[in-house]
Structure formats: C-alpha cells, structure tokens
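The structure appears right after this line, and notes come after that.
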Amino acid sequence: MRLVEGREQSEKVYDRDPVEVALAYERAGARLIHVVDLDGAFLGAASANQKIIREIAASVKVPIEAGGGVRSLADIEFLLSHVGVRFCIIGTLAVEHPEIAAQALARFGDSIVVGIDARGSEVSIRGWTRAAEVSATDLARQMAELGATRIIYTDITRDGRLAGPNLEATREIAVAFGRATTASGGVSSLEDIADLCEIEPDGVDSCIVGKALYEGRFTLEAALSLKCCRRQPR
C-alpha cells in the first residue's frame, strides 16, 4: 500500500501479499528491503502488521529495515529480537525522547536508523500528523552527536507524488548529518536515481524506491544496474 504525502485518505493498494512482493524484490537482486508499518505510524502502538513483517523477515535472506510506530526501547528490542528485522527506524521517538534515542543508539548501534521526515524545513512526527519544533538540519546534527550512523531523509511533499527528489534539501541534510544518508520521497525514474548519485560525495549513498516500482516506471534490475550506484536503491 502507498500513500501520497502520508495522508490516510490517499491510500492505494498495489498488492495484497507483501511476502510475495518481498520475495520478488529479492529475486530481482535487492540487498535490503524497506518496510513501513503504516498502522503503527498512525496509532503509535503495536499493530497486526508486525506479524506480516516477521513473515517477510523469515521468508527472505536479505536484511529488512522496518519502522512505523516505534515509540520505546521495548518496541525496538521486539522488532530486532523477535520480529527479525536488521535495522529499526525511529522518528517520533528521536524527536520527543532524544534521551531514549541515545540509549537505543548506545545499545543497538548501527541497527538504529533515524528517520527525519519534513515539510519544508520543519520536521513532522506521529505519522506526519504533527509538526515538531525542530528543523530537519538541527535534528540531523543532534542525531549525529548522539552517535547515529545513518538517517533516512524524507521530503513529505514529494512522497508518493513521483515528482522527483528534493536534491538540494537532501544534500543540505546529508551535509548537516555528516554521515550516511538515505534519500526518500519522489523518485520516479532512473534519471532521478542518477541525480541522487551526483550528491553522493555529500553523504547520500542510497535511496528508497517504492511507488515507481509498483507503477512500472522502471525495474529494480535496471536501477541496480546503474553504474553510479555503489550501494543500492533500498
């Protein structure tokens, strides 16, 4: 399922079997699969989707990166230890409770990925329904100081719109963070991925691709074959 700018009313279902989708990505050469529990993101509580994520993790050999509704150390430990994901994404938790984010980073190391989701320069939290009183660049610097090794930066206004990534904002966030940055939101073509490769020297080493694949804009095989991709679309 995909949303546009994270709005619940924009829901569009592409496939009813996420495990089969994950297996298809693995067969196409994916080396990491990104999963978001949308119910968890909006409800801020454990959802039935965790069972599905566990099934995905048990069915594929590639690592799973998952987020949505992660609000505590217990949530993180459950995803990593019991659901079987390799990387746990925290967003709202990092903003509302940076002290817990610091504990998580100290305890779980690079298994913690910080999601920075923003409209313009302002970070949004709790399923993108609330504005936080922190800018994306300030949050990136704060997370670097706490020891985060990777962030995912999402321009909410581009997410699900197939309008191309916000290259300048992505570059700015990556520079502020000073470490590995994954771009998210707006990728619609192989040219968009090539454009993101141009800011790899600034720290952008990967991107998340979703709707463009579901709608057949290009194949995962074609994306992975790009010479500029030292790592991979996520």
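The values are calculated or read from the model by the stated rules, or taken from the named source; none is laboratory data. In this text the structure is predicted, and so the values were computed from the model without any measurement. All Cβ positions, glycine included, derive from the backbone under ideal geometry; neighbour counts span all protein chains shown.
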What tally of residues in the stretch 96-107 results from selecting those that are surrounded by fewer than 23 Cβ atoms within 10 Å (Cβ to Cβ) and under 18 Å from the mean Cα position of the chain (by Cα)?
1
Residue that is modelled with the highest pLDDT [pool: residues in the stretch 42-57 that are among the small types (Gly, Ala, Ser), under 20 Å from Gly91 (Cβ atoms) and surrounded by 15 or more Cβ atoms within 10 Å (Cβ to Cβ)]:
Ser47
Residue within the stretch 85-107 that is part of a helix (DSSP H, G or I) and farther than 20 Å from Arg141 by Cβ present
yes
With respect to Glu145, determine if the residue is acidic (Asp, Glu), more than 30 Å from Leu73 (Cβ to Cβ) and without any contact (Cβ under 8 Å) to a residue 24 or more places away in the chain.
no
For Thr149, are the conditions met, namely being surrounded by fewer than 21 Cβ atoms within 10 Å (Cβ to Cβ) and of a type in the set (S, T, N, Q)?
yes
Residues of the stretch 172-186 satisfying the condition of being at pLDDT below 95 and either touching a Phe, Trp or Tyr at 6+ places or on another chain (Cβ under 6 Å) or over 13 Å from Ile152 (Cα atoms) (or both)
Gly186
So which residues in the stretch 182-216 are touching a residue at least 40 places away in the same chain (Cβ under 8 Å) and either β-branched (Val, Ile, Thr) or surrounded by fewer than 17 Cβ atoms within 10 Å (Cβ to Cβ) (or both), if there are any at all?
Thr182, Val187, Ile193, Ile208, Tyr214, Glu215
Somewhere in the stretch 216-227, is a residue within 14 Å of Leu167 (Cα to Cα), part of a helix (DSSP H, G or I), at pLDDT 90 or above and in contact with a strand residue (DSSP E or B) (Cβ under 9 Å, 6 or more places away or on another chain)?
no
